[in-house]
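Shown next, in structure tokens, is the structure this report addresses.
The values are calculated or read from the model by the stated rules, or taken from the named source; none is laboratory data. Remember, it's a predicted structure, so these values are computed and weren't measured experimentally. Cβ placement follows ideal geometry from the backbone for every residue including glycine, while neighbour counts extend to all protein chains displayed. Only protein heavy atoms, including side chains, enter the accessible area calculation; ligands, DNA and RNA are left aside. Shrake-Rupley method; radii C 1.70, N 1.55, O 1.52, S 1.80 Å.
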Amino acid sequence: MPELSIVIPTHNRPEMLKKAVMSVTAQTFSDLEVIVVDDGSSPPITDDLFETEVSIHRHSSPKGASAARNTGLSHAKGTYVAFLDDDDTLDPDYSAELLNFMDNNGADIDFSWPALHVIDIPKGTTSIAQRLPCLIRRSQPATELSYAAAAYTRTTGMMFRATSIREFNCFDETLSVSEDRELIFRMLSRGCGCGAIPAPLVNFFIHTGPRLSTNDNLLRQANCDAVVAQRHADFIAQHPKLASRYLNLLARRQKDAGLIQEYRSTLKTLLKINPLDARALRRFIFSWPLLTGRQSN
């Protein structure tokens, strides 16, 4: 039985997928398996794309990233399971460093993530994301900064204890965006622990190919995040710094999608939780002309 299973969902990006798989097989830690879930690609992904043994599982038609990750998890044999998007790659030390972090914290944490090395190909720039420190031990108090850090994680590069993520029924397949944050909020609200390491061990690419996180999907993003915010309203309200990060993100997406009344409602909710949130207060004050302008049209 491998120590680690790495699940890569994919759809119609064979060349990017090949690079993602190569980064997994180049890990300094070798006790792992690679699971590719082909979410209805046309043509289908086949073994001859890879130079190493890869377990491939296929959806006959696209079901979405959450369903693909869940399929991969159902086939994973590892004590730990990590997820990698097909357009990203891992640093060679990713597995060794995160497994060491998980092992050192024992049963106190259920999942972890590294910082991201963000590579914006169209702009030709690089940066580091997910740098906020985080350590939340099971059923123990933690700093609000740790909860704020948890609000901005992405599935790519996250590592879970396999028993923990299965206990919480994996990813919500009704969500096409923010399914990662929904799972995190669900797990943390029920006493799970998590942590982050500052090393940028995942290469997160911004490119011109098809991606969920683009302006073409603004309405979908806003609606999914609104579902997450409503579902976990009590948990979010308990953590003002997390609320500031997450609800400001939701508000921005609602504004960009043209949902001005929903935008104002989200800002009102945030200001009830954190009246000193200057960004939310400024946005709310200047939102009235947006609302009246839309009504006059």
Practice item. Determine the alpha carbon to alpha carbon distance for each of LYS19/LYS123; LYS19/LYS63; LYS19/LYS255; LYS18/LYS63 and list only those over 27 Å. Key: LYS19/LYS255
Point to revise | In range of the label at GLU167: residues from the stretch 84-108 whose backbone nitrogen is under 20 Å from the point 7 Å along Cα→Cβ | key: 99-108
Exercise for review: Kindly provide the helix-only [θ] at 222 nm of the chain, computed as the sum of -39,500 (n - 2.57) over DSSP H runs of four or more divided by all residues, to the nearest 500 deg cm²/dmol?
Suggested key: -12500 deg cm²/dmol
**Study point:** Helical segments meeting 24 Å axial Cα length and Kyte-Doolittle 1.0 threshold in the chain (DSSP H)
**Key:** none
Practice item. Express the relative contact order of the chain as a whole percentage, based on alpha carbon pairs under 8 Å and six or more residues apart in sequence. Key: 17 percent
Practice item. Mind running the shape call on the stretch 1-127? Use the C-alpha gyration tensor, a ≥ b ≥ c as the square roots of the eigenvalues: rounded below 1.5 for a/c, prolate if a/b tops b/c, oblate otherwise. Key: oblate
Review point. Averaged per residue, what accessible surface does the stretch 178-278 expose to a 1.4 Å probe, in Å²?
Key: 44 Å²
Point to revise | Contour minus Cα-Cα distance for SER42 and GLU144 (0.36 nm per residue) | key: 32.2 nm
Point to revise | Heavy-atom accessible surface of the stretch 1-113: percent carbon and sulfur, 1.4 Å | key: 48 percent
